[in-house]
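To keep things clear, I will list the structure first and then write my remarks on it.
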Amino acid sequence: MKLAFSTLGVPGLPLPEVLSLATAHGYHGVELRAHPEEPVHPGLTPAERAEAAALFRAAGVEVVGLAGYARVAAAGEDAPVLAEIRELVRLAHDLGAPFVRVFPGADADLPREEADAIAARRLGAAAEDAAALGVRILLETHDSHRTGADAIRILGPVGHRHAGALWDVLHTWLGGEQPADSYAALAPHLGYVQVKDVASAEDTTPLPLGAGVLPLAECVDVLTRRDWDGWLCWEYEKRWYEKAAPLAELLGDGREYLARLLGEAA
């Protein structure tokens, strides 16, 4: 497995500094939060996109994926959601990123079957465009569809190889799903895995990996036993928790922790 971290942990940090952190601490990939307040977002010009891609190539670091905020199961018209996803897919293509993350985001008062059908319809349409550009759209286990069992209610009907899953281990845990069950549900669709750690279900302030209660060792063991060889991406939610320790101070120990888990699982 390959190790990466998300720029959600270093809000607003210029790309050269992000890449310096990655190379200094032995990470081979970076997930880019694709938001207007970040250095990389769909509003970049072609020249800016080319410059960003060149920085990654020069550093020998891969763009794991773009973390977008489209909500595929939300109520409303399809067109704005599809337009948002297509912008992200074009940006991913220009940066050489294989994946784009989307959220489910169903409204609480929307019947489950209706939310699932909306999301499947939108993902199916967007996947056709993504396939033409060599990008996969990944539905994250999150909010209204936080478990693997939830996610496959959408992904199963889509049935398109360019629509897949992003396993966020916090949300499947919050949903009461065991790692083996999450993997079993998501395996046919799995793009990559987001790891993190927290103190409890009530306190989700980000902690150093291994300092909290999430079953990270069990997740890595499940992936290893199934010979899965994708990305483990540390999503440290510093952007939402300003008082959390700076990620830059934790990256070295975090990489060592994940490497130890991988060694023990092997």
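The values are calculated or read from the model by the stated rules, or taken from the named source; none is laboratory data. These numbers were taken from a predicted model, which means no experiment stands behind them. Don't worry about glycine lacking a Cβ; one is built from the backbone with ideal geometry, like all the others, and counts go over all protein chains shown. Surface accessibility is based on the protein's heavy atoms, side chains included, excluding ligands, DNA and RNA. Shrake-Rupley method; radii C 1.70, N 1.55, O 1.52, S 1.80 Å.
Is it true that L138 is part of a strand (DSSP E or B), out of contact with any helix residue (DSSP H, G or I) (no Cβ under 7 Å at 6 or more places or on another chain) and either open to solvent by less than 40 Å² (accessible area, probe 1.4 Å) or more than 29 Å from A201 (Cβ to Cβ) (or both)? So L138 fits the description; yes. Restricting attention to the stretch 208-226, which residues are over 18 Å from the mean Cα position of the chain (by Cα), part of a loop (DSSP other than H, G, I, E, B) and crowded, with 20+ Cβ neighbours inside 10 Å? Correct list: empty. Among the candidates A130, A67, the residue that is surrounded by 17 or more Cβ atoms within 10 Å (Cβ to Cβ), closer than 22 Å to V18 by Cβ and at pLDDT 95 or above is uniquely A67. If the condition is being closer than 17 Å to H28 by Cβ, more than 17 Å from the chain's Cα centre (by Cα), hydrophobic (A, V, I, L, M, F, W, C) and open to solvent by 30 Å² or more (accessible area, probe 1.4 Å), then the stretch 227-266 contributes A259, L262.
Considering the stretch 100-124, and only residues there that are among the charged types (D, E, K, R) and open to solvent by 30 Å² or more (accessible area, probe 1.4 Å), the residue that is nearest to V135 (Cα to Cα) turns out to be R121. Counting only helices (runs of 4 or more DSSP H) that sit wholly inside the stretch 1-120, those with at least 1 residues that are free of Cβ contacts under 8 Å to residues at least 12 places away in the same chain and more than 25 Å from H142 (Cα to Cα) are 15-25, 46-59.
Figure legend. Inter-residue proximity from the stretch 175-188: first residues on the phi < 0 side of the Ramachandran plot, second residues assigned to a loop (DSSP other than H, G, I, E, B) and open to solvent by 40 Å² or more (accessible area, probe 1.4 Å), beta-carbon distance below 7 Å, spacing 6+ or different chains. Indicated pairs: G175/R146; Y183/R226; A187/R226. Every condition in (1) more than 23 Å from H93 (Cα to Cα); (2) of a type outside the set (D, E); (3) touching a residue at least 40 places away in the same chain (Cβ under 8 Å) holds for H142 except the one numbered (3). Would you confirm whether any residue within the stretch 178-195 is surrounded by 21 or more Cβ atoms within 10 Å (Cβ to Cβ), of a type outside the set (V, I, T) and in a loop (DSSP other than H, G, I, E, B)? Checked the stretch 178-195: no residue is surrounded by 21 or more Cβ atoms within 10 Å (Cβ to Cβ), of a type outside the set (V, I, T) and in a loop (DSSP other than H, G, I, E, B).
Name the one entry in A50, A58, A97 that is modelled with pLDDT of 95 or more and crowded, with 19+ Cβ neighbours inside 10 Å. Outline the logic, then answer.
Values: A50 fails: crowded, with 19+ Cβ neighbours inside 10 Å; A58 fails: crowded, with 19+ Cβ neighbours inside 10 Å.
One residue alone meets the criteria, A97.
Every residue, every condition in (1) within 18 Å of the chain's Cα centre (by Cα); (2) surrounded by fewer than 17 Cβ atoms within 10 Å (Cβ to Cβ), yes or no:
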| site | (1), (2) |
| --- | --- |
| L8 | yes, no |
| P14 | no, yes |
| L21 | no, no |
| A54 | no, yes |
| V63 | yes, no |
| V72 | yes, no |
| I85 | yes, no |
| L88 | yes, no |
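State whether one or more residues within the stretch 149-158 are in a helix (DSSP H, G or I), at pLDDT 95 or above, within 28 Å of T45 (Cα to Cα) and among the hydrophobic types (A, V, I, L, M, F, W, C). No, there is no match, as no residue in the stretch 149-158 is in a helix (DSSP H, G or I), at pLDDT 95 or above, within 28 Å of T45 (Cα to Cα) and among the hydrophobic types (A, V, I, L, M, F, W, C).
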